[in-house]
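This is the structure, below, for whatever I ask next.
The values are calculated or read from the model by the stated rules, or taken from the named source; none is laboratory data. Computed from a prediction, not measured in an experiment: that's the story for all the values here. Counting neighbours? That spans all protein chains shown, and the Cβs are built from the backbone with ideal geometry, glycine included. Surface areas here come from the heavy atoms of the whole protein model, side chains and all, with no ligands, DNA or RNA. Shrake-Rupley method; radii C 1.70, N 1.55, O 1.52, S 1.80 Å.
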Amino acid sequence: MQKSYNHQYGALASIDRAVGSFQTALSPEQLANTIFVYMSDNGQTWGDHRWTSKNVPYERSVHVPFIVKMPGQTTSQIADELVMNADITPTVFDLLGITPDDPVFGSQLDGQSLLPLLVQSGTFEPRSGILLEHLNANADPSVPSYCGLRTRNWKYVAYSDGFEELYNMNKDPDEMKNKASTKPAQVARLRERTEALCDPPPPDFPQGFWANL
């Protein structure tokens with residue numbers, strides 16, 4: 001496992017070289033009109049919580065790197081807002097000047113543009129939480145289907161077998177202390193929000209799942 005872990009980090013060097021070759025291949029005029037976006041698939045756990053999967057709801061898997069280099073940008077900044085992959089399309093549309101009344105826009109999008117965060121101008125509506133979902137499929141049948149909610153301060157997850165997890169992300173960022181059995185009021189609040197967002201739930205959730213928890 002450690003050998004594979006080291007190899008993956010080593011592979012990033014080739015990505016750095018490729019990005020560098022892109023930048024040197026572009027003229028100054030082209031660079032002034034080019035946006036670089038770096039993203040990742042959800043992350044491998046490499047033994048975290050005794051898993052080597054990437055379908056689990058822990059931070060190593062659900063917290064995806066997202067880096068944007070804007071034309072002419074010379075300083076770096078970090079935005080700690082809750083964003084998700086559904087925000088990518090409206091962000092690209094916004095960067096291209098495509099608006100909701102443009103036929104290219106298509107149907108209503110779930111995400112919102114991240115451009116206000118990138119240029120530090122305009123309005124970004126902060127989220128109070130992000131839905132986490134997984135279907136127990138062939139990719140990793142050992143991980144039960146689940147629905148969960150990641151807020152700024154908490155993470156709640158309900159699995160199809162009825163097991164629940166609750167983590168205080170401020171005090172326990174490594175998610176080592178499951179508080180589901182000791183914080184019933186907090187579980188009830190987040191469970192209600194998760195049920196509302198996770199509609200419909202994964203198809204293998206039992207009938208009456210939420211009512212029976």
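Can you say whether SER40 is at pLDDT 90 or above and small (Gly, Ala, Ser), as far as the supplied structure shows? I'd like the intermediate steps shown before the answer.
Working: at pLDDT 90 or above: no; small (Gly, Ala, Ser): yes.
Spelling it out, it is not the case that SER40 is at pLDDT 90 or above and small (Gly, Ala, Ser).
Follow-up. Does any residue in region 181-206 that is over 15 Å from PHE163 (Cβ atoms) and loosely packed, with under 11 Cβ neighbours inside 10 Å come within less than 6 Å, Cβ to Cβ, of a residue that is of a type in the set (Phe, Trp, Tyr) and modelled with pLDDT of 95 or more six or more places away or on a different chain, and which pairs are these?
Pairs found: none.
What are the residue pairs meeting all of these: first residue in region 83-104, first residue in contact (Cβ under 8 Å) with a residue 60 or more places away in the chain, second residue open to solvent by less than 40 Å² (accessible area, probe 1.4 Å), Cβ atoms under 8 Å, and 6 or more apart or on different chains?
Correct list of pairs: LEU95/LEU115.
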